[in-house]
1. Any chance you could tell me what percent of the C-alpha pair distances in the range 563-702 go past 25 Å?
2. Please list, short to long, the whole-number percent of alpha-carbon pairs of the range 471-523 in consecutive 5 angstrom bins beginning at zero.
3. Can you work out D for the range 439-478 in µm² s⁻¹ from Stokes-Einstein, where Rh is the Kirkwood radius over C-alpha pairs, the temperature is 20 °C and the viscosity is 1.002 mPa s?
4. Please compute the Cα-Cα pair-distance distribution of the range 482-640 with 10 Å bins starting at 0, giving whole percents from short to long.
5. Write down the radius of gyration of the range 194-267 and its Dmax, each obtained from C-alpha positions, in Å.
6. How big is the accessible area of TYR335 in square angstrom, nearest 10, if you roll a 1.4 angstrom probe over the protein chains?
7. Report the extension gain between ASN698 and THR395 in nm, rounded to one decimal, defined as 0.36 nm multiplied by the number of residues separating them, less their alpha carbon distance.
8. Given 0.36 nm per residue, what is the gain on full extension from LEU648 to LYS560 after removing their alpha carbon distance, in nm?
Amino acid sequence: MSSFSSALAAGACAGVTVDLVLFPLDTIKTRLQAREGFVAAGGFRGIYSGISSAAIGSAPGGREMKIAITAIELFLTAAAFFSTYELLKSTLNKTLENTSGNRDAVIHMLAASGGEIAACTIRVPTEVVKQRMQTGQYKSVMTAVPTILKADGVAGFYRGFAMTIFREIPFSCVQFPLFEYFKKSWSSVKGKKVDPWEAGLCGSLAGGIAAAVTTPLDVVKTRIMLSSKDGANAYNTIGGSFSRIVREEGFGALLKGIGPRVTWISIGGAVFLGFPCRLCRKTECREKFLSQRGYCPIPLLRVQLVILVAAVSDAAAKVGNFPFTTIKPNHGVAYVPIACPCKKFGKQAQCAPKHGKCVDGVRFVPLKIMDVAGLVPGASKGEGLGNQFLDDLRTADLLIHVVDSSGTTDAAGKVTIGYDPINDIDWLRDEIHSWIFNNLWKKWDGIKRRHIATGQSVAETMALQFSGYGANLACVQRALDRSGVSESLETWTEDTIKKVVNGFLDERFPTIIALNKIDLPDSDKNIDKIFRKYDPTKIVLTSALAEVFLRKLQSQGFIKYYEGTDIFDVADETNTLKQMPPTVQSRLEKVQDLVLFRYGNTGVQAVLKLALETLQLVAIYPVRNINSFGDGNGTGKEKGGVFRDCILVKRGTTVGEVVTSLIGEERKGHVQYVETVGGVRLGDADAFGDDNGVFCINIREH
């Protein structure tokens, strides 16, 4: 259901509940404010008089039918208010570009005012009839409607319309900004979105304050509605009515009915503003239902994670603020920028990569990237997709944890405010740790017995257990060294195994943190906290949405974007780029101000560069001719192209390992020698680094 439809349904249901249940208080308030006084207006007799004011005559079915018809009127009134309020709030946020939230109060006031005007077109006619019946002027709707119509015409049903708006707008300008402020403050203290009962308390307090300060306006409105236009005691104008009440009854008369009014609206505010929150929580129940059946609720920061994948790769995953994620991982190819040797040797014009591209000596090398299916707290115990998500990690060499630095998304992926993103960083690692630890611990007795029986080393025994996570013996040995565990395996306790798993996580699944949404409010304070707690060398500030926007403009021919920088070219007499529409130009300037000028780039390319550094990968370039750097294959530019192939290998990988990988163990015996630039020959045990990345394998001809 859309937010507009949800607001309409929730607001209508809330309005019906409030007005029907609290009708007697409204009657008492009206009689206290009547000119003749409480007792003369009816006292406590017939406090449900007027509830059938929207009923058309005395329809068969009695009170039940009248209440049903009244409920329809209340439904339409409340629906008109809430739908207009939400629509205006959304429109004004976009129109006024309220990204920082500093215009919230003004927007809430304007939206609430528009909502009240819309609601009053429905409310005032029934209010006129209702209040006159509450004070005993008419006994039934069949008497009231023709009498009012005969005395004042159709306009008689809108007596007090201006005064009602004059009361409701100040009321809403006090109530709704206070309500939003109380909710926001409470959410900030809690660190998550307020619960429905808490929203109800905020609504009660805000409504009570607004009711108290607008009681004088309500008294005047009541007097105008209760009087006929040409009657002896008519109250016709707003100013004249104020003056007359003060002159004849004193200033205290302007506070008549304040007690029941504040009580009524305080209780009503709790229901009216708390009930829509409760209705929205139905969605959470649905998510839980689907989660228990294998469908995962929105994963951690789902939208920004998918946007990051879209920003760095060619993956075509859905992007949207929807509550359920994909079940299967999204695969794509990202291109990481590195220095290409073509520039060093003056061969930029001839550089023709088979994969990726080279732009003026900057080579964009392909990297596989995967957006895994959703993770939620408790995944290691089967919550959400459970181990299905965790199994997807087995093929990864490195994890990029995308974190909402603005704190506007909670652990379940739901929109909120004031959430502490440090929580996400902690529980993600805990879930992966628990997954691996639980897999070990449940069969630990058997592992220990087998280790004693076979007489294997600790590394060999653990390599068998960790092989399912893509780890070899060398990786496991490094993990044991990291953990600092030196005791014999048969003496390991639960805590010892947890230390080993910690070391294995650091070695097998190195993680970098991409702090996304850096252009939103509250991101600065969260970024500072995260940098203080975690290793800053493993953190990158990003705005994935800005990167996607810049790439889109480039694909549409509006700009030439130099990826990884704050530089782009726009249309002028020196190029063929298209002129941007004013709206697009405005958005581009906003990206410049909030991201590019402030941080130097979007951070997306920096994430990929840090991934290469963390994995200690270096680029090597096998060529057929060590002098021309070509491979002799292809047609056109490709035929004479240089540095056609580029391979990423771990720093320290030996020449022998690379040769075996490229041509196979069987053909390795036919290799005469391997040489690098300048005719320098390389031995099998020589390691590749930054100074010998270009090489040629010379094979013996038969």
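The values are calculated or read from the model by the stated rules, or taken from the named source; none is laboratory data. Treat the numbers as computed from the prediction; the structure is a model and nothing was measured. Don't worry about glycine lacking a Cβ; one is built from the backbone with ideal geometry, like all the others, and counts go over all protein chains shown. We work out accessible area using only protein heavy atoms, side chains counted, and drop any ligands, DNA or RNA first. Shrake-Rupley method; radii C 1.70, N 1.55, O 1.52, S 1.80 Å.
1. On the way: 4966 of 9730 pairs.
Roughly 51 percent, once rounded to a whole number.
2. Per 5 Å bin, starting at 0, the Cα pair percentages come out as 4, 19, 21, 16, 10, 6, 8, 8, 5, 3, 1.
3. Working: Rh = 10.4 Å.
Approximately 207 µm²/s, per Stokes-Einstein.
4. Going from the shortest bin to the longest, the percentages are 9, 23, 21, 22, 15, 7, 2, 0.
5. 15.6, 52
6. 80
7. On the way: separation 303, 0.36 × 303 = 109.08 nm, distance 3.38 nm.
Computed gain between ASN698 and THR395 is 105.7 nm.
8. Values: separation 88, 0.36 × 88 = 31.68 nm, distance 2.81 nm.
Full extension of this stretch gives 28.9 nm more.
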